[in-house]
There are 2 protein chains.
Amino acid sequence: MTDTARKHVDFNGRIVMIGFGSIGQGVLPLLRRHIGLAPEDIVIINPDPAPEPIAAEFDAAYITEGLTPDNFRDLLGRYLRSGDFLLNLSVDVSSVDLARYAHERGALYLDTCIEPWLGSYVDPDLTPSQRSNYALREDMLALRRELGEGPTATITHGANPGLVNHFVKVALTNIARDLGQPLPSGDGKDDWSGLARDLNVTTIHIAERDTQRSQTPKNVDEFINTWSIDGFYSEGLQPAELGWGTHEKALPPDGARHDFGADAAIYLNRPGASTRVRTWTPEAGPIHGFLITHNESISLPDYLTHRQDGQVVYRPTVHYAYHPCDSAVLSLHELAGRNWEMQSRKRLIVDEVVDGMDELGVLLAGHGKNAYWYGSQLSIEEARRLAPHNNATSLQVTVAVLAGLVWAIENPRAGIVEPEEMDHERIMEIAAPYLGRLTGAYTDWSPLTARGELFAEDVDREDPWQFRNVRVV
Amino acid sequence: MTDTARKHVDFNGRIVMIGFGSIGQGVLPLLRRHIGLAPEDIVIINPDPAPEPIAAEFDAAYITEGLTPDNFRDLLGRYLRSGDFLLNLSVDVSSVDLARYAHERGALYLDTCIEPWLGSYVDPDLTPSQRSNYALREDMLALRRELGEGPTATITHGANPGLVNHFVKVALTNIARDLGQPLPSGDGKDDWSGLARDLNVTTIHIAERDTQRSQTPKNVDEFINTWSIDGFYSEGLQPAELGWGTHEKALPPDGARHDFGADAAIYLNRPGASTRVRTWTPEAGPIHGFLITHNESISLPDYLTHRQDGQVVYRPTVHYAYHPCDSAVLSLHELAGRNWEMQSRKRLIVDEVVDGMDELGVLLAGHGKNAYWYGSQLSIEEARRLAPHNNATSLQVTVAVLAGLVWAIENPRAGIVEPEEMDHERIMEIAAPYLGRLTGAYTDWSPLTARGELFAEDVDREDPWQFRNVRVV
Ligand SMILES: NC(=O)c1ccc[n+]([C@@H]2O[C@H](COP(=O)([O-])OP(=O)(O)OC[C@H]3O[C@@H](n4cnc5c(N)ncnc54)[C@H](O)[C@@H]3O)[C@@H](O)[C@H]2O)c1
Ligand SMILES: NC(=O)c1ccc[n+]([C@@H]2O[C@H](COP(=O)([O-])OP(=O)(O)OC[C@H]3O[C@@H](n4cnc5c(N)ncnc54)[C@H](O)[C@@H]3O)[C@@H](O)[C@H]2O)c1
């Protein structure tokens, strides 16, 4: 039996899926393929009736309703039982409220992002700090402290956040091997943060280049993306956020610390959708990406913070450097010109993608071999061969959802867990067959490469990996 | 006889055209149509043999050679006689050297941009100030002072620079009319600068949105544009330059004055290709454009500088705000990611354009009706109906070249002239039939519209049209 046909686990409960957009539709075939379930045991709740035929194709019941703060307990109460799995793949539905509800019901839970209820991402009455992923994560951590033990709730387990958090551990292991550095004996937080410190990994980019293209060029007043347009819009308008490394010499002029919580990350007083950074991927070479906020930019630096005698002695700078598909770059440019007033038309490109690849990985830099990228290079052609209803972008997410589900079923009493606390080898084992080429590559590129040739630039020549050098101004 | 068939003038000399790219190929049919010439009296000198068939189609002789500082006198000497017309539509050939040579030969001259010889736009041994259009214009003005009277040399007479300089006079006239302000009796520099001051036009954008599209999306490592890719690359890497208005409260942090010349313009210590500004056009609404340096950003504010008793009392801020075609926006984004190392492939889109419009005009702001855009809205369909071998972008240029040629033939002893010194009504008369819809539109949009909603922004709330508000940071 091949790896893309194997049943990883049987599940006796029902999977209640909330939302059925690009990720929900892409994950459904994988659930049917890899999890032993009774035919009637997938229920999808989604306000949009359009994708119901895809649900029917895979024998899933379809409830055309949306969750709100007022109705979600009643609505979920009709379908979710103790021992079931609440799979949250929606936008605009509070992850914290759903995780709490799953806990109360005795159900397992998974999401791919900590979402708030509709509107609060772009609520001008909230401060940037309150609208941040940092704040959303602190709410989730507070819930974890409150609830303590209980059924497993795997939070933020898509591609990124999710898979890339595991990629970081693979990358650290590979760099240590290539530098002849011993690996830690354990698999705990201190082991990994100690390894990262010993290797002197000062900077981690989630470095992604999506080259998928449609044959139909972008129209004026249209937003195109390879995954959720609403999701990208919301996170694009949150403040740019990044884990703030101990090697950084000065806070950015528009940077600020939050006055609550774990303090591993800062935010910039501007939207990520207008904040560009320099990064590198093996296929694309040097590129400009957008510093879009993501949960991994906060959980990873928190996890990798190394303390001695209670003092922080090491933490890497961590952020997303996202080059979305070309049409999405143009969509962002248009959106910025409109002062962030959403375009009136949206186009999600899945079936109409004609070629391209999603190159998604982590770039670990500052160590003895300068920089190392590790990740997935998945072409649209291969994604289509591997699973229906996916493009390259969604498949990297949906296989991570599958892997997170399997892990939760296998480890059903772990309480609320972040990706860093899971077994990365088990996740990689499940995900790898769907990730195209898994590539590791060193580079001598740095954010100082070819700088200051035609114009003097304000760079730190001593330390290539200062965020000041990475940022595009 | 329709306006697109009328012979405007007879010319007894020969037209020697240097360069035969997007503009040269587009202008040739117009020369044949509108200027009375003997069949053998167009000679094209161009190092690239590929477009020769188009020359043949219009009975033009074709010499496959390139001009260099060493050979240009010999080469031109073989074809250019006294009373001929030297039409410079090349890149990488010095406009100052060619204008001097035409003067010596007793020939008329026209170019669309003051070009230096190959390489100096991106010569890292020159300072940004030395690589500026300001410096190139000062060289040309020095030549004018040196040569004095002589055959007419119409410099920088394309669409922009060129047509748009005339649009400013039309716009000033229209605003004065709509505000019930009297028009000056004369047509001299002081009349126009006085009018602009009386109207309180503090800011002029050359505001352009090109929506032309190809059916074939941009490839990785490819630069696409609707006109010269080499030309756009060169000017994109010159410093951002702008006429610096008397209403501006503070020099930009990266701004600098030149230590020579007319002092009407400043430059920023960065390439225009990475410098974004807010602007507005009637079809597109609010957009982000690039502050690419152009000659009109220097000649217009110089011309509109108003003096009393020798003191500068008024000058508008003037700059280009260019939203090139979408594929060119992507090309710039990719180029910036590569730290300005040119892509290995170039694609000029003319015949493959499937739809779109070039909306090119001037936005005059700060006056009693806030802001007024005047310009040409020319669709690809209409451009194709009007003339072969053109897209919408090139036709706006080529008709300006035609009009400048006609004017020079009609006014053969004017010496070196900038567009501001020509008769704008005559130029508009010749050009108008080719410009699609000539539109004037007021707007209440300003660079303060919808600012600071989700994030605090450092804006000047007192004066919307401060450059600090216009600039995107
Ligand atoms: N971690 C990752 O790698 C990753 C990647 C992609 C997407 N995501 C996240 O996954 C989620 C889904 O992404 P997508 O691309 O499928 O989005 P999508 O926009 O394609 O679909 C969202 C779905 O949510 C549904 N929905 C909207 N309001 C709802 C409500 N009130 N109740 C129930 N359902 C509702 C919509 O009808 C739609 O089916 C988003 O939160 C997104 O940010 C995470
Ligand atoms: N003012 C305006 O509105 C405007 C608009 C477009 C272009 N332009 C300018 O017009 C010029 C031509 O633009 P284009 O779009 O046709 O450019 P293009 O790149 O399409 O063509 C340039 C031409 O110059 C020729 N050339 C290169 N080196 C040469 C040399 N050493 N001797 C002779 N010829 C040489 C090339 O072979 C080519 O035919 C450029 O300077 C450009 O900046 C001005």
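Counting only heavy atoms of the protein chains, get the accessible area per residue of the stretch B:172-258 (1.4 Å probe) and round it to a whole Å² value.
Averaged over the residues of the stretch B:172-258, the accessible area is 35 Å².
Report, by chain and number, residues whose modeled amide H sits under 5 Å from the one on residue B:314, excluding near sequence neighbours (fewer than 5 apart, same chain).
Excluding prolines and chain starts, which carry no amide H, the hits are B:306.
From the phi of every residue in the stretch B:173-178, what ³J(HN,Hα) in whole Hz does the Karplus formula 6.51 cos²θ - 1.76 cosθ + 1.60 yield, where θ is phi - 60° and glycine or proline is x?
4, 5, 5, 4, 4, 6
Give me the residues in the stretch A:434-473 whose solvent-accessible area, probe 1.4 Å, is reduced by at least 50 Å² once all protein chains are included instead of the chain isolated.
By number: A:454, A:455.
Going by a 1.4 Å probe on protein heavy atoms, which residues of the stretch B:328-344 end up with at least 20 Å² less accessible surface in the whole assembly than in their chain alone?
Residues shielded by partner chains are B:329, B:330, B:333, B:336, B:337, B:339.
What residues in the stretch B:200-215 lose 30 Å² or more of accessible surface when the other protein chains are added to their chain alone (1.4 Å probe)?
B:213, B:215
Per residue of the stretch A:430-440, in order, report the coupling 6.51 cos²θ - 1.76 cosθ + 1.60 (Karplus, θ = phi - 60°) as ³J(HN,Hα) in whole Hz, putting x for Gly and Pro.
With the stated coefficients, the stretch A:430-440 comes to 6, 7, 3, x, 9, 9, x, 7, 8, 10, x Hz.
Using a label point 7 angstrom from Cα along Cα-to-C-beta, what distances in nm, from shortest up, separate residue A:382 from the other copies?
Counterpart label points of residue A:382 in the remaining copies fall at 5.0 nm.
Calculate one ³J(HN,Hα) per residue across the stretch A:79-87 by plugging θ = phi - 60° into the Karplus curve 6.51 cos²θ - 1.76 cosθ + 1.60, and present them in order as whole Hz with x for glycine and proline.
Computed from phi, the couplings for the stretch A:79-87 are 10, 8, 10, 4, x, 7, 10, 9, 10 Hz.
For the stretch B:215-230 and the stretch A:206-274, write down the distance between their C-alpha centroids in whole Å.
27 Å
Could you look at the stretch B:415-473 and say what percent of its accessible area is carbon and sulfur, using a 1.4 Å probe and all protein chains?
Accessible surface attributable to carbon and sulfur in the stretch B:415-473 totals 47 percent.
Report the calculated FRET efficiency for residue A:130 and residue B:123 (r = Cβ-Cβ distance, R0 = 41 Å), to the nearest 0.05.
Approximately 0.25, to the nearest 0.05.
Show me you know the interface measure: the accessible area buried between B and A, both chains summed, probe 1.4 Å, in Å² to the nearest 100.
That pair of chains buries around 3400 Å² in total.
Summing Lys, Arg as +1 and Asp, Glu as -1, what charge do residues with Cβ under 13 Å from the Cβ of residue A:48 carry, residue A:48 excluded?
-3
Where the centroid of each part is defined by its Cα atoms, how far is the stretch A:275-340 from the stretch B:63-124 in Å?
49 Å
Rounding to the nearest 10 and keeping the result within 0 to 90°, find how far the Cα-based axis of helix A:392-410 lies from the longest principal axis of chain A.
70 degrees
Using r as the Cβ-Cβ distance of residue A:311 and residue B:200, and R0 as 56 Å, what FRET efficiency do you calculate, to the nearest 0.05?
Once the sixth-power term is evaluated, E becomes 0.40.
Please give the per residue accessible area of the stretch B:9-154, computed with a probe of 1.4 Å over protein heavy atoms only, in Å².
Per-residue accessible area for the stretch B:9-154 comes out at 38 Å².
Mark the label point 7 Å from the Cα of residue A:382 along Cα→Cβ and return the residues of the stretch B:220-234 whose backbone N is within less than 20 Å of it.
Only B:220 pass the distance filter.
Show the residues, 5+ positions off or on another chain, whose built amide H is closer than 5 Å to the amide H of residue A:460.
Residues meeting the criterion, in which the H sits 1.01 Å from N, are A:469.
Going by amide H atoms built from the backbone, whose H comes under 5 Å of the H on residue A:63, apart from near neighbours?
Sorted by chain and number, the residues that satisfy this are A:44, A:45, A:46.
So if R0 is 51 Å, what FRET efficiency would residue A:450 and residue B:38 give, r being the distance between their Cβ atoms, rounded to the nearest 0.05?
0.45
How tilted is helix B:133-147 with respect to the longest principal axis of chain B? Cα atoms for both, answer in degrees (0 to 90, nearest 10).
With rounding to tens, the tilt is 50 degrees.
At what distance in nm do the modelled label points of residue A:220 and residue A:190 sit from each other, each positioned 7 Å from its Cα along Cα→Cβ?
Result for the modelled spin labels: 6.3 nm.
Just to confirm the number: angle between the C-alpha axis of helix B:189-199 and the first principal axis of chain B, 0 to 90 degrees, nearest 10?
It is inclined by approximately 30 degrees.
Determine the calculated [θ] at 222 nm for chain B from helices alone, applying -39500 (n - 2.57) to every DSSP H run no shorter than 4 residues and normalising by the residue count; nearest 500 deg cm²/dmol.
Value at 222 nm, helices only, nearest 500: -9000 deg cm²/dmol.
Once neighbouring chains are kept in place and the probe is 1.4 Å, which whole percent of the accessible area of the stretch A:123-252 is contributed by carbon and sulfur?
Here carbon and sulfur together make up 49 percent of the probe-accessible area.
Probe of 1.4 angstrom, ligands and nucleic acids ignored: what's the accessible area per residue over the stretch B:408-468, in square angstrom?
Per residue, the stretch B:408-468 has 45 Å² of solvent-accessible surface.
The values are calculated or read from the model by the stated rules, or taken from the named source; none is laboratory data. What you see is a predicted model, and the numbers here were worked out from it, not measured in a lab. Every residue, glycine among them, receives a Cβ derived from its backbone with ideal geometry; neighbour counts consider all protein chains shown. Note: accessible area is taken over every heavy atom of the protein model, side chains too, but ligands, DNA and RNA are not part of it. Shrake-Rupley method; radii C 1.70, N 1.55, O 1.52, S 1.80 Å.
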